[in-house]
Each structure stands twice: as structure tokens, then as C-alpha cells.
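Presented below is the structure to which this report refers.
The values are calculated or read from the model by the stated rules, or taken from the named source; none is laboratory data. Since this is a predicted model, take the numbers as computed values, not measurements. All Cβ positions, glycine included, derive from the backbone under ideal geometry; neighbour counts span all protein chains shown. To get the accessible areas, we keep the full protein, side chains included, count just its heavy atoms, and leave off ligands, DNA and RNA. Shrake-Rupley method; radii C 1.70, N 1.55, O 1.52, S 1.80 Å.
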Amino acid sequence: MTLPVTLSLFVLAVGVTLFAGWRGARPPDLRRGPRLMPWRFIMMMSAALAFLFLIHLGTLAGAPVRTS
């Protein structure tokens, strides 16, 4: 992937992480019923994806790749 594509996907993943974290931290509303979206799981998966994009951005910037 090129730098602009990776950077835009990184920003998107961070945005989804922040949104899902905000939604998952809201107190339950018993009048509306149970939550049907697993916001905390979505937050953790998008944070992991953002971390992978961050590593890829470092690789595109010229960080050395260490192999054992």
C-alpha cells in the first residue's frame, strides 16, 4: 500500500477506535433495552488494526526491519 492509503486507513481506524470507546463507555439505558453492538470488542479490534497500520507507516518511512 502507498503512504496516503495507509495514512488514511490509520486515521479511519483511530476514529473508529475513539467512537467505539465512547459508545462502549456510556452507561446502560434500561428503558431502551440491551445494547446490541459489541462496542468494546469493536474498539479493541480497531485499535489493533490501527497499531498494524502504525507499524506499516514506520516501515514506509524507512524504519529498519529486524529479522532473526
Rounded to a whole number, what % of the accessible area of the chain do carbon and sulfur atoms account for, probe 1.4 Å? 73 percent
Give me the angle, in degrees from 0 to 90, between the Cα long axis of helix 3-24 and the longest principal axis of the Cα atoms of the chain, rounded to the nearest 10. 20 degrees
About the Cα centre of the chain, what is the dipole size in debye to 20, counting +1 per Lys and Arg Cβ and -1 per Asp and Glu Cβ, all else neutral? 340 debye
Just to verify a number: what accessible area does ILE55 come out at with the full protein assembly present, 1.4 Å probe, Å² rounded to tens? 90 Å²
Determine ³J(HN,Hα), in whole Hz, for all residues of segment 55-68 in sequence, where each value follows from phi through the Karplus function 6.51 cos²θ - 1.76 cosθ + 1.60 and θ = phi - 60°; x replaces Gly and Pro. 5, 5, 5, x, 5, 5, 7, x, 5, x, 9, 9, 10, 8
Accessible area (Å², per residue) of the chain, counting only protein heavy atoms and a probe of 1.4 Å: 82 Å²
Relative packing of 20-30, 57-67, 3-13, which averages over residues the other C-beta atoms within 10 Å, highest first: 3-13, 20-30, 57-67
If you wrap the chain's Cα atoms in a convex hull and average its projection over all directions, what's the area in nm²? 6.0 nm²
Okay, helix-only estimate at 222 nm for the chain: each DSSP H run of n ≥ 4 adds -39500 (n - 2.57), divide by all residues, round to 500 deg cm²/dmol; what do you get? -22500 deg cm²/dmol
³J(HN,Hα) across segment 29-41 via Karplus (A = 6.51, B = -1.76, C = 1.60, θ = phi - 60°), whole Hz, x for Gly/Pro? 10, 5, 6, 8, x, x, 6, 9, 10, x, 4, 5, 5
